Amino acid sequence: YRLCVVCLTVPPLRERREDVPALVRSYADHFRAKLGRGTSEVAPEALERLTTYDWPGNVRELINVIERAVLLGRGARIELVDLPQAITGR
């Protein structure tokens, strides 16, 4: 087996902010189905914060944040209050 036949360089998420909304919606749908929760919509304020956050943990951090929001969210959609303090700045 050959290793490193093709090298792909993917820029960090903070350099691809335009990808964040699609990733958020995709993972929200995934965790809604996996966890049996009704929450997959994202409030505009929450989506804006998710898009402007720098994501030092990259996509793995985004995935964890969305899973947490779907699991612990109390409403019909992910709201700003459902996001961690590090993202909301509260």
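The values are calculated or read from the model by the stated rules, or taken from the named source; none is laboratory data. None of these values were measured; they are calculated from a predicted model. Ligands, DNA and RNA are stripped out before the accessible areas are found, and what is left, the full protein with its side chains, is counted by its heavy atoms. Shrake-Rupley method; radii C 1.70, N 1.55, O 1.52, S 1.80 Å.
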Compute, for ARG14, the solvent-accessible surface of its heavy atoms (probe 1.4 Å) with the complete set of protein chains present, and express it in square angstrom to the nearest 10.
110 Å²
Gain upon complete extension [ALA22, VAL59; 0.36 nm per residue less C-alpha separation]
12.1 nm
Using helices alone, I'd like the mean residue ellipticity at 222 nm for the chain: each DSSP H run of four-plus residues gives -39500 (n - 2.57), total over residue count, nearest 500.
-15000 deg cm²/dmol
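Can you give the accessible area per residue of segment 11-76, in Å², using a 1.4 Å probe? Let's see the in-between values first.
Details: 3890 Å² over 66 residues.
Accessible area per residue, segment 11-76: 59 Å².
Take the solvent-accessible surface of the protein heavy atoms, probe 1.4 Å, and return the percent of it on the chain that carbon and sulfur atoms account for. Please list the in-between numbers first.
Numbers: 3150 of 6080 Å².
About 52 percent, which is the carbon plus sulfur part of the accessible surface.
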Relative contact order for the chain: what percent, with Cα pairs under 8 Å and sequence separation of 6 or more?
32 percent
